[in-house]
1. Out of segment 122-147, which residues are among the aliphatic types (A, V, I, L, M) and over 20 Å from residue 39 (Cβ atoms)?
2. If you check 128, 97, which single one turns out to be crowded, with 23+ Cβ neighbours inside 10 Å and small (Gly, Ala, Ser)?
3. So how many residues does segment 171-180 have that are in contact with a helix residue (DSSP H, G or I) (Cβ under 8 Å, 6 or more places away or on another chain) and more than 13 Å from the ligand (Cβ to nearest atom)?
4. Quick one: would you say residue 134 is within 14 Å of the ligand (Cβ to nearest atom) and in contact with a Gly (Cβ under 7 Å, 6 or more places away or on another chain)?
5. Find the residue count for segment 26-61, including only residues that are open to solvent by 70 Å² or more (accessible area, probe 1.4 Å) and touching a Gly at 6+ places or on another chain (Cβ under 8 Å).
6. I'd like the full set of residues that are without any contact (Cβ under 8 Å) to a residue 24 or more places away in the chain and either touching a Leu at 6+ places or on another chain (Cβ under 9 Å) or of a type in the set (S, T, N, Q) (or both), limited to segment 207-227.
7. When segment 136-147 is examined, which residues are found to be open to solvent by 10 Å² or more (accessible area, probe 1.4 Å) and under 30 Å from residue 169 (Cβ atoms)?
8. Sort through 102, 108 and tell me the only one that's within 13 Å of the ligand (Cβ to nearest atom), outside any loop (DSSP other than H, G, I, E, B) and not hydroxyl-bearing (Ser, Thr, Tyr).
Amino acid sequence: MTCKIITIDGPSGVGKGTVASMVAEELGFNYLDSGSLYRSLALKLYEKNNNFDEVIDDLDYWISDISIDFQYKKGFKSRIFVNNEDFTEKIRTEKVAELASRIAKDRRARDMLEVYQRKYLIEPGLVADGRDMGTKVFFKADMKFYLTASVEKRAERRLNQLKDQGISANLPNLIQKLLLRDKADTERLISPLIPAKDAITIDTSNIDALEVFNITMNKIRENLKNI
Ligand code: C5P
C-alpha cells in the first residue's frame, strides 16, 4: 500500500486546521499543521533574541540548536514541542503569527521546516494543512484542497477563537492584521500562498466546519479508491 497525501491550504482563519484534523481522524491518517512549525520556530527565535532583524541576518546561527516535534494522535488535540518544551498554547497569539509570517519569507527557515514536514508522511497517509502543502512540499499529493473565505468571516472566527482562550481583541484590528498577513503570504517570493492548479477550491464564508468536512470527504471518496 502506498501512502496517500491530502493537502489543505488557504489563508489564515479559513478553518483549514479544523477540517484537516477532522479528515485525518476520519481516515485514520497522520495530521500535520505546518503553520504551527512556523509559529514555534518564530517564537523560539524571538525568545532567544527579540531583535528579529538581527536573528534573520544570522539565521543559520540562531536556528542551529532548535528542534521541533509536532505530535498528533487520533482522538487527541495535537501538541507541539520545541527543545522538549510544550509550545502548544503559547504560539496561538497574533504577535506570534506576525513573527511566523516574517520568518516564513526566509529560504533557510523554509528549508529547515520542509525537512520536518516530510517526516510526518507515514502509512497509511497524511493530511497536511498550511500555505504551500499542495504547491511545494507535497506537490505530488493525491488530492489538494484550497479553502477560501471573506476576510470579515475569517476575522470573526479568529475573534471567537481568541475569546475562547480568554484573549481580548477587536474586529477591525483583526481584519487589518489578517489583510497584512495575507499580503505578506501571497506576495512573498518563495512559496507564496496560491491555490495549486489541481486544487479543489471551497469557499467557507457561509458554511460551517461540519459542512466543509462533508464536502471534502465526498470529494475524497469520489476521487480516491480504497480509502
Ligand atoms: O497557519 P498559521 O496561521 O498558523 O501560519 C502562520 C504563518 O506561518 C502564516 O501566516 C505563514 O506566513 C506561515 N506559513 C507558511 N507556510 C506554511 C504554513 C504557515 O509560510 N505551510
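1. Taking segment 122-147 and keeping what is among the aliphatic types (A, V, I, L, M), we get 122, 126-128, 133, 137, 141, 143, 147.
122, 141, 143, listed by residue number.
2. Working: 97 fails: crowded, with 23+ Cβ neighbours inside 10 Å.
On inspection, the qualifying residue turns out to be 128.
3. 2
4. Working: within 14 Å of the ligand (Cβ to nearest atom): yes; in contact with a Gly (Cβ under 7 Å, 6 or more places away or on another chain): no.
Considered against the rule, which asks whether it is within 14 Å of the ligand (Cβ to nearest atom) and in contact with a Gly (Cβ under 7 Å, 6 or more places away or on another chain), residue 134 comes out as no.
5. 0
6. 214, 218, 226
7. Residue satisfying the conditions is 146 alone.
8. Values: 108 fails: within 13 Å of the ligand (Cβ to nearest atom).
Going through 102, 108 in turn, the sole match is 102.
The values are calculated or read from the model by the stated rules, or taken from the named source; none is laboratory data. These numbers come from a predicted model, not from an experiment. Neighbour counts run over all protein chains shown; Cβ positions are idealised from the backbone, glycine included. Just the protein is used for accessible areas: all its heavy atoms, side chains included, with ligands, DNA and RNA removed. Shrake-Rupley method; radii C 1.70, N 1.55, O 1.52, S 1.80 Å.
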